[in-house]
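**Student:** Dumping the structure here so I can ask a few things about it.
What follows is calculated from the coordinates using simple rules that are stated; it is not laboratory data. Predicted, not measured: the structure shown is a model, and the values here were computed from it. Here Cβ is always computed from backbone atoms with ideal geometry, including for glycine, and neighbour counts include all displayed protein chains.
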Amino acid sequence: MEPISPRTQAPVIGEWRLISFEMQTGNEVIYPFGKHVQGTIMYTASGRFFGQVMPGGRPAFASDDLMKGTDEEMAGYRGCQAYYGSYELEGENVVIHHVEASLFPNWEGTSQRRLFEVSGNRLKIRTPPMQWDGSEVSSVILLFDRIV
């Protein structure tokens, strides 16, 4: 596997804004974060990445204290995912995220394999099958626009 360096012209390098997050289960497409999802992913030339996804339009907390929300307000955290670490490319269309920390602690210390496709200023990332909310999901597809 090729190490990432400033001289490597990896097509994923850059900042990307999430425009769509959908799940495919058989013939059905669902939007678990809603159609107004927010998020970003960044890949650096030095081999680091971070990503985050959350529903758009979440209501503000009544308190300015991060940890003093009501149960209903704190449930908004449940709909968020963020993680970071290092990454490597495998072939022309696989990126492997080596997760150092994640809001989903089960991913910490794991390597998450993703298929990717870059077309112009668009990045599409597809996961392998996974469990989500008690169901088997055939894949998650994230679509991004390039910021930088």
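**Student:** Using a 10 angstrom Cβ neighbour count of at most 14 plus a DSSP loop assignment to flag exposed trypsin sites (Lys or Arg not before Pro), which longest range of the chain is free of such sites?
**Tutor:** 69-148
**Student:** Give the residue from LEU143, GLY34, MET67 lying farthest towards the positive end of the charge dipole for the chain; charges sit on Cβ (+1 for Lys and Arg, -1 for Asp and Glu) and the dipole is referred to the Cα centre.
**Tutor:** Of LEU143, GLY34, MET67, it is LEU143.
**Student:** Given charges of +1 on the Cβ of Lys and Arg and -1 on the Cβ of Asp and Glu, with all other atoms neutral, how large is the dipole of the range 14-146 about its Cα centre, in debye to the nearest 20?
**Tutor:** 360 debye
**Student:** Within the range 73-148, list the GluC sites (Glu not before Pro) lying in a DSSP loop whose Cβ has at most 16 other Cβ atoms in a 10 Å radius.
**Tutor:** GLU92, GLU108
**Student:** Further question on the same structure: For the chain, what does the helix formula give at 222 nm: sum of -39500 (n - 2.57) over DSSP H segments with n ≥ 4, over the residue count, nearest 500 deg cm²/dmol?
**Tutor:** -1500 deg cm²/dmol
**Student:** Same structure again: Mark the label point 7 Å from the Cα of THR25 along Cα→Cβ and return the residues of the range 72-89 whose backbone N is within less than 19 Å of it.
**Tutor:** Under 19 Å, as judged by backbone N against the label point of THR25, lie 78-81 of the range 72-89.
**Student:** Over the chain, what is the relative contact order in percent, taking alpha-carbon pairs closer than 8 angstrom and at least six residues apart?
**Tutor:** 26 percent
**Student:** Given points 7 Å out from each Cα along the Cα-Cβ axis, report the ARG146 to ARG78 separation in nanometres with one decimal.
**Tutor:** The modelled label-to-label distance comes out at 3.9 nm.
**Student:** How many nm separate the modelled label positions at THR40 and GLN52, each set 7 Å beyond the Cα in the direction of the Cβ?
**Tutor:** 0.8 nm
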